[in-house]
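S.K.: Here's a structure for you.
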Amino acid sequence: MTFRLRDRATSPYVVADDPAVAAPDRWTVVVDAHGEPVTVLAPIGAADGVPQEVAFVLAGGDTPVAEVLRLLEPDDVVVLTEAGAVTGVWAGDGLADAVMAGPSRFTTDVRLPGDIRIPEVRRRCRYAEGGAVCHEPMSFVEKPSDLPGCGNPHGLAAHRFGW
Amino acid sequence: MFGSVFTSATGLLDRRFTVNVLLPVLVWAGGLTALAIGGIGWPAALTWWKARAGAEQAWLAVAAVAGVVLLAYVAAGQTMALTRIWEGYWPRWLARPGVAVQRRRWQRLDLRTPGGYARRYREFPVDEPDLLPTRLGNVLRAAESYPGDPERYGLDAVFFWPRLYLVLPADAREQVDRCRGALDRAVLTAGLAVLFPVAAVPVVVWSGGSWRLWLIGAGAAVVVAVLAYRSAVDGALAFGEILRGCFDLHRLTLLDRFGLVRPETLEGERALWMALQQQLYRRAADEPELLRLRPAPDQ
């Protein structure tokens, strides 16, 4: 069983003649005098950072999804046309998820087999007393919820490590 | 019968899964089946099969294909573990002899010659304590330690790779997937080949098969394992170069996606990566003040 684009193209859309303004709740496919899509406008109020005019890919509804996924970026829009008319739009989170999942995304794609080797955090104690700062260095595997006692090499009053 | 059921099943599955996982598993299961039939005797097996009714044959075919697909899914889930085993992430006592061999190879490299230096760059980590006991392990470790080198970017590749992968352009991701797929296929094939003689023992015992046939199968499996391992090393070399390239070309895009201010110097970049990876991984950083967010575009 092969999934076709028409199975996925369920995003709400409206077709409008050029020039057009973006619809508030749906994708606007702007077409020229011949009915050919020339621009796609994102819904007004779409997530910040999404440009109003978005890159789009024209495809037939029969096209297998796997063939197109390799060519797409997560923020692209797929516009389906059949017999010269717009018949569907696939965009938004559904498309982004599919692109990131890819034609087949193996768990090994997103992981390297090696070990993480990030150095421990090394801080200097910020405890201050009478203008003198402790500055004792100490390493931590992570930020402790309870700070340990400081080595206090400069003989200040006994104190916990000053983060 | 098996052919049509198998064709229908693979039509439901992704091509990459079929080629990289299902095919090696199918060959492996086919080898074991051939051994079993060899024990029972081909004429007896054929007679038994022909005595089944059509519906029973169909169910058996479906069950066999389902079994192979299930085995393939299990195998796919073990690819990372298998890769680590082939790399040499073993207990220290077991790894020691292999590390000694690799150390000798590492020490013999003449870094003053272009060939020697290139080999160290591609096949070995820079620091001796990072050596692993197998060639595959060292090739992959050389690639993984490339971005983390304090003379390069100082960012931990293993930690940042899943994040970088999410911001790679589609064509780069495709190259990554292709190289990783080749590596995974070779690793899986080598693993299955090593497992074959072991799995074949109960099959031969159960079917009353010939141990001579088992020996031939085991010999063939060893040859396949050696060839597959060499392919895995080649795959790791290619994957390693792609990995280095992804970090070279797209790490600043990753910084942008984190919303951080781009540093002006390489030195500043190293310090920033260190602060970011410590903050994300260890929940604190040596210098958290380096993590400055870019203002929003409309400000």
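Nothing in this text is a laboratory measurement; each read-out follows from the coordinates by a stated rule. What you see is a predicted model, and the numbers here were worked out from it, not measured in a lab. Ideal geometry is used to build each Cβ from the backbone, glycine not excepted, and the neighbour counts take in all protein chains shown.
S.K.: Gain in length, B:Q78 to B:L109, computed as 0.36 nm per residue apart minus the alpha-carbon separation, to one decimal in nm?
M.R.: Working it through step by step, the gained length comes to 7.7 nm.
S.K.: Now for a separate question. How much of the DSSP beta bridge set in chain A is antiparallel, as a percent to the nearest 5?
M.R.: Of the beta bridges lying entirely in chain A, close to 70 percent run antiparallel.
S.K.: Which listed residue (A:L112, B:A64, A:V65) has the Cα farthest towards the positive end of the charge dipole for the protein assembly as shown, taking +1 on Lys and Arg C-beta and -1 on Asp and Glu C-beta about the Cα centre?
M.R.: Value: B:A64.
S.K.: Just want the answer: with Cβ charges of +1 for Lys and Arg and -1 for Asp and Glu, which residue in B:Q278, B:A238, B:V224 is farthest toward the dipole's positive end in the range B:197-299?
M.R.: Value: B:V224.
S.K.: Something else: Average partner chain C-beta neighbours within 10 Å, per residue of B:160-171?
M.R.: Mean number of neighbouring Cβ atoms from other chains: 3.
S.K.: In addition: Dipole of the range B:230-283, Cα-centred, from +1 at each Lys and Arg C-beta and -1 at each Asp and Glu C-beta, to the nearest 20 debye?
M.R.: 280
S.K.: Find the centroid of the Cα atoms in the range B:139-214 and in the range B:217-267, then give the distance between the two in whole Å.
M.R.: Measuring centre to centre over Cα atoms gives 11 Å.
S.K.: Per DSSP H run of at least 4 residues, take -39500 (n - 2.57); add these up for chain B, divide by its residues and hand me the 222 nm value, nearest 500 deg cm²/dmol. Mind showing how you got there, number by number?
M.R.: Details: 12 runs with 223 residues, N = 299.
Helix contribution divided over all residues of chain B: -25500 deg cm²/dmol.
S.K.: Mind checking the mean number of beta-carbon atoms from other chains within 10 Å of the Cβ atoms in A:143-151?
M.R.: 1
S.K.: Where Lys and Arg each count +1 and Asp and Glu each count -1, what net charge lies around B:R112 among other residues with Cβ under 15 Å from its Cβ?
M.R.: Result for the neighbourhood of B:R112: +2.
S.K.: What does the C-alpha gyration tensor say about the overall shape of the range B:110-202? Classify as rounded when a/c is under 1.5, otherwise prolate if a/b is larger than b/c, or oblate.
M.R.: In terms of gyration-tensor shape, oblate.
S.K.: Of the options A:A158, A:V21, B:A36, report the single residue whose Cα projects farthest towards the positive end of the charge dipole of the protein assembly as shown (beta-carbon charges: Lys, Arg +1; Asp, Glu -1).
M.R.: Most positive-ward Cα: B:A36.
S.K.: Let me spell out the model: positive unit charges on the Cβ of Lys and Arg, negative unit charges on the Cβ of Asp and Glu, origin at the Cα centre of the protein assembly as shown. What dipole size does that give, in debye rounded to 20?
M.R.: So the dipole magnitude of the protein assembly as shown works out to roughly 2540 debye.
S.K.: Roughly how many nanometres apart are two label points built 7 Å out from the Cα toward the Cβ at B:D149 and A:E82?
M.R.: It is 5.5 nm.
S.K.: Please identify the helices of chain B, taking whole runs of DSSP H, that span at least 27 Å along their own axis as judged from the Cα atoms and have a mean Kyte-Doolittle score of -1.0 or higher.
M.R.: B:54-77, B:170-207, B:211-258
S.K.: So how do A:6-16, B:141-151 stack up, highest first, on mean other-Cβ count within 10 Å?
M.R.: Numbers: A:6-16: 17.0, B:141-151: 19.5.
Going from most to least packed, we get B:141-151, A:6-16.
S.K.: Taking a ≥ b ≥ c as the square roots of the eigenvalues of the Cα gyration tensor of the protein assembly as shown, is the shape rounded (a/c under 1.5), prolate (a/b larger than b/c) or oblate?
M.R.: Judged from the Cα gyration tensor, the protein assembly as shown comes out oblate (a/c at least 1.5, b/c at or above a/b).
S.K.: Let me ask another. Whole number please: convex hull volume per residue, Cα atoms of chain A, in Å³. All intermediate terms of the calculation are to be shown ahead of the outcome.
M.R.: Numbers: hull volume 31.4 nm³, N = 163.
It comes to 193 Å³ per residue, whole-number rounded.
S.K.: For every other residue with a beta carbon closer than 9 angstrom to the beta carbon of B:V158, add +1 if it is Lys or Arg and -1 if Asp or Glu, then tell me the sum.
M.R.: Counting the neighbours of B:V158, the net charge comes to -1.
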